[in-house]
Amino acid sequence: MPSVTDRYNPLDADVLRDPYSVLAELQDREPVFWHEGMNSWALTRYADCVRVLRDHEAFARDPRRSGGTVPEPSLSVQTLDPPQQNVVRSLFMTALRAQDLTGVEDRARLLVGERLDQLAGAGTFDVVAEIAVPLSVAIVADLLGVEPPPYGEFAAVSDAIMRSMDGGLNPALVEPGRVARRQLSDLVDSWFSASARPGLLARVRQAAVPDALTQLYVKNTARVMFQGGYSTMAAAIGNAVNTLLTHPGALERMRDGALLATGVDELVRYDGPVQGTTRTTVRACRIGGVDITPGQKVVPLFAAANRDPAAFTRASELVLDRTPNRHLGYGWGPHSCIGTTVAQAGLRALIAALNDHPSRLTPAGEGVRRRTATMRAFDTLPADLIP
C-alpha cells in the first residue's frame, strides 16, 4: 500500500474531490514531508505555515534572492519581498481604502438578484458559468473602474494563467500561461493609456510613480489584482455555494447579519480557494524536526492549515459563528491577497441575494472539480432554483 505522502497527488481525482482526509493523516504522521512532484518541502501545520509566511527574511517569495530569475511580465507586488514591495503595495492599499466598497457590494447584490431572476424556474444551470464568473468579473471591474471584458473570453485567459501556476507539476502549462499573461497585460496597458472611470486604477494613475521600473511593477500588479481577484473570487464562490448546498440550513441561518459577517470567513476556511503557496529558503532552518537547507523550496499548504485542530476547534466542521477565525484562505502577511476585503464583499452579496430571492437554491448533481493544484475550484457545479 502506498505511503500517505505517495498518496498526496494534488491533481489526483480523489484528492481533488477531498484533499482534507489525506492532509489530516499527514498532520498526524508526517507534518513536514518532501514532495517529489513539487520538488519542495510541504507543510501541513498551521503554526509552521504562518511562520514561513511571516518570516520573509528567511523564506523568500522573490526567487532572485536565491539566484533565480523572474520574467518581466511576472514582476509585481506579489513577486517582491519587503521592504522592496512596500512602495507598490502601499500605493494599491491606499487606493483600495479610498474606494466605496459598500457601493461595490450593493451593486454586486443587485447583479446577483438579476441573475437569479433569469435563472429561477428555467431548469438546471451551472453555478460557475452563470453566477461565479460574471459576478467576479463585474466586482473586480467595478472596483478598478474599468469596462468588464467579455465573460467567456476573460474566463479562458484567466484559466490559462491559473493552470500555469501548476507548471512545476505539469511543464506543458507554462507556455499557455505566458501567452495569456501577455494578452491580459495588453488589456491593462489599454486601461492605463485611456481615461479611466472613477475607481482604484484612476487613483493609482494619479499617484506619482518615480521611475520606469516601479511603473512596470504597478502595471503588472494591476494585472495580478484583476486576474487574481477574479480567479480567487470565482473559486471561492463555487466552493462556498457547494458548501451551502451540502450543509442544509446553513444558507438560511446566514439571514442573521452577525452570522453573515462571520460565516463568509468560515466558508473560506472550510473549503478555501487557494491551496498553498511557495517560498524559497534563504538560510538554513529547522521546521517540524526537519532540517531545511538554503535554496530548498517550502510549500505552506493552506488547505491543511485551515483544518488544523491545533489552531481551530471542531476544525473539520462548518462553524458559522467561529470567532476569531485567522484562516489562511487568502494567504497571510506581506503577500496576502490585496483584494481580500472585496472577495469577502462578493461572498456577502451572493449569500444575501440568495436569501432575498423567493426561489430556493438546490443541488442538481455532483460538481466537477477543476484539475488544478494551487487553486481549488469547480469547472462545473449544477444547481436549480425552485420557485
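Which of the residues belonging to segment 250-295 are polar (S, T, N, Q), within 30 Å of ARG17 (Cβ to Cβ) and touching a strand residue (DSSP E or B) at 6+ places or on another chain (Cβ under 8 Å)?
Step one: filter segment 250-295 for residues polar (S, T, N, Q), giving 262, 275, 277-278, 280-281, 293.
Going one step further and asking which of them are within 30 Å of ARG17 (Cβ to Cβ), we end up with 262, 275, 277-278.
Within segment 250-295, GLN275, THR277, THR278 qualify.
Just to check your reading of the model, which residue among SER158, SER185 is in contact (Cβ under 8 Å) with a residue 24 or more places away in the chain and under 23 Å from PRO10 (Cα atoms)? Working first, answer last.
Details: SER185 fails: under 23 Å from PRO10 (Cα atoms).
The conditions single out SER158.
How do the strands (runs of 3 or more DSSP E) wholly within segment 204-304 filter down when requiring 1 or more residues that are aliphatic (A, V, I, L, M): which remain? If you could, list the steps in order and put the result at the bottom.
Working: elements: 279-281, 285-287, 290-292, 297-300.
Ranges flagged: 285-287, 290-292, 297-300.
Of the numbered conditions (1) of a type in the set (S, T, N, Q); (2) surrounded by 17 or more Cβ atoms within 10 Å (Cβ to Cβ); (3) touching a strand residue (DSSP E or B) at 6+ places or on another chain (Cβ under 8 Å); (4) at pLDDT 95 or above, THR246 satisfies every one except a single condition; which is it?
Answer for THR246: the failing condition is (2).
What about SER74, is it within 20 Å of PRO294 (Cβ to Cβ), surrounded by 14 or more Cβ atoms within 10 Å (Cβ to Cβ) and at pLDDT below 90? Show your work before the answer.
Numbers: within 20 Å of PRO294 (Cβ to Cβ): no; surrounded by 14 or more Cβ atoms within 10 Å (Cβ to Cβ): yes; at pLDDT below 90: yes.
The answer is no for SER74.
Taking segment 227-238 only, how many residues are out of contact with any strand residue (DSSP E or B) (no Cβ under 7 Å at 6 or more places or on another chain) and within 19 Å of VAL127 (Cα to Cα)? Even if it seems obvious, please write down each step before you answer.
From segment 227-238, those out of contact with any strand residue (DSSP E or B) (no Cβ under 7 Å at 6 or more places or on another chain) are 227-230, 233-234, 236-237; that's our starting set.
Next, only the ones that are within 19 Å of VAL127 (Cα to Cα) stay: 229-230, 233-234, 236-237.
Result for segment 227-238: 6.
Based on what the data block shows, is ASP142 in contact with a helix residue (DSSP H, G or I) (Cβ under 6 Å, 6 or more places away or on another chain), within 22 Å of LYS219 (Cα to Cα) and either surrounded by 20 or more Cβ atoms within 10 Å (Cβ to Cβ) or of a type in the set (Asp, Glu) (or both)?
Numbers: in contact with a helix residue (DSSP H, G or I) (Cβ under 6 Å, 6 or more places away or on another chain): yes; within 22 Å of LYS219 (Cα to Cα): yes; either surrounded by 20 or more Cβ atoms within 10 Å (Cβ to Cβ) or of a type in the set (Asp, Glu) (or both): yes.
Answer is yes for this residue.
Quick one: is ARG107 closer than 19 Å to SER336 by Cβ and within 23 Å of the chain's Cα centre (by Cα)? Step through it out loud before you land on a result.
Details: closer than 19 Å to SER336 by Cβ: no; within 23 Å of the chain's Cα centre (by Cα): yes.
No: the conditions fail for ARG107.
Residue-wise test of (1) under 26 Å from SER185 (Cβ atoms); (2) of a type in the set (S, T, N, Q).
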| position | (1), (2) |
| --- | --- |
| ASN39 | no, yes |
| THR44 | no, yes |
| ASP48 | no, no |
| PRO71 | yes, no |
| LEU80 | yes, no |
| GLY103 | no, no |
| LEU111 | no, no |
| GLN118 | no, yes |
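Condition (residue is within 30 Å of ASN242 (Cα to Cα), in contact with a Leu (Cβ under 8 Å, 6 or more places away or on another chain) and surrounded by fewer than 17 Cβ atoms within 10 Å (Cβ to Cβ)) applied to segment 47-60: is it met by at least one residue? Break it down into steps so the answer makes sense when it comes.
The first filter runs over segment 47-60 and keeps only residues within 30 Å of ASN242 (Cα to Cα), leaving 47-50, 53.
Filter once more, so that each one left must be in contact with a Leu (Cβ under 8 Å, 6 or more places away or on another chain): 49-50, 53.
With the extra rule that they be surrounded by fewer than 17 Cβ atoms within 10 Å (Cβ to Cβ), the set shrinks to none.
Looking through segment 47-60, none of the residues is within 30 Å of ASN242 (Cα to Cα), in contact with a Leu (Cβ under 8 Å, 6 or more places away or on another chain) and surrounded by fewer than 17 Cβ atoms within 10 Å (Cβ to Cβ).
Is there any pair with a first residue in segment 17-37 that is within 14 Å of CYS49 (Cβ to Cβ) and a second that is of a type in the set (Asp, Glu) and modelled with pLDDT of 95 or more whose Cβ atoms are under 9 Å apart and which are 6 or more apart or on different chains, and what are they?
As it stands, the answer is GLN27/ASP308; PRO31/ASP48; VAL32/ASP48, since those pairs meet every condition given.
Would you list the strands (runs of 3 or more DSSP E) that sit entirely within segment 309-387 and hold 2 or more residues that are under 20 Å from the mean Cα position of the chain (by Cα) and surrounded by 15 or more Cβ atoms within 10 Å (Cβ to Cβ)?
Counting at least 2 such residues, we get 378-380.
The values are calculated or read from the model by the stated rules, or taken from the named source; none is laboratory data. Note that this is a predicted model, so its numbers are computed, not measured. FYI the Cβ positions are ideal-geometry reconstructions off the backbone, even for glycines, and counts take in every protein chain you see.
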